[in-house]
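In what follows, a structure is listed as C-alpha cells, so that the remarks can point back to it.
The values are calculated or read from the model by the stated rules, or taken from the named source; none is laboratory data. In this text the structure is predicted, and so the values were computed from the model without any measurement. So basically every Cβ, Gly included, is an ideal-geometry build from the backbone, and we count neighbours across all protein chains shown.
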Amino acid sequence: MVHLYSMIFETTQVIEIGLGVIVLLLLIWVICLEIRIHRLLAGGGAKNLEDSLKHFRGELKEIADFRKGMEEYLIRVEKRLGRSIQSVHTIRFNPFKGTGSGGNQSFATALIDEKGDGAVISTIYTREHSSIFAKPLKKHASEYELTKEEKEAISEAKKTIRQ
C-alpha cells in the first residue's frame, strides 16, 4: 500500500510538473502574442485592431491621393516637355568655297521638339555683311526652301531626339 501511495505521489508530481511546463509554455506563447499585437497596434496609437485598420485605411487613401496627383502632374510635365526644344544641332560651313571670303563663319542651326516642330536659323557671313534667315519647321520640314546645310542640321538634330 505504501508502495501504491508513493507511485501515486510520483505520478501526481510528474503530472504537476508536466502541467507546470505546459502552463509556462502557454504563458510564453501569450506574451509573444501580446508583443505581436502591441507592434501591430502601435503604428497609429490605436487601442484595438479596428482603430489600427482605420488608421491604415486613412494612410492608404492619402497615398492613393498623392499618387493620383503625381500622375496628373507627370502628364502635364510630359506635355510641356514634348513642346520644348529637344534637340539642337549646328552645321558650320563656307558658302563661298574657293574664294577665301567668309571662311567657316556661316552656320545653320536646327532647334526642334520631339515632333520635329521648331525652327532652323542660318547665317551667311561675308566680310562686308551678314545675312540671317529663320525658317519655321513642322514635322522636320519647312514650307520655305531649305539649303543643303539646313537640311543636314535638321537631319542631325532629328537623330538625337529620344523617342
Residues satisfying the stated conditions in the stretch 71-93, i.e. touching a Lys or Arg at 6+ places or on another chain (Cβ under 8 Å) and loosely packed, with under 15 Cβ neighbours inside 10 Å: 82
Note down all Cβ pairs under 8 Å where the first residue falls in the stretch 82-97 and is of a type in the set (Phe, Trp, Tyr), the second is surrounded by 14 or more Cβ atoms within 10 Å (Cβ to Cβ) and not in a helix (DSSP H, G or I), and they're at least six residues apart or on different chains. 93/106; 93/107; 93/108; 96/102; 96/126
Looking at (1) surrounded by 10 or more Cβ atoms within 10 Å (Cβ to Cβ); (2) within 30 Å of residue 146 (Cβ to Cβ); (3) modelled with pLDDT of 80 or more, find the lone condition where residue 19 falls short. (2)
Where a residue in the stretch 19-41 is closer than 22 Å to residue 54 by Cβ and its partner, wherever it lies, is surrounded by 10 or more Cβ atoms within 10 Å (Cβ to Cβ), with Cβ under 6 Å and at least six apart: 41/52
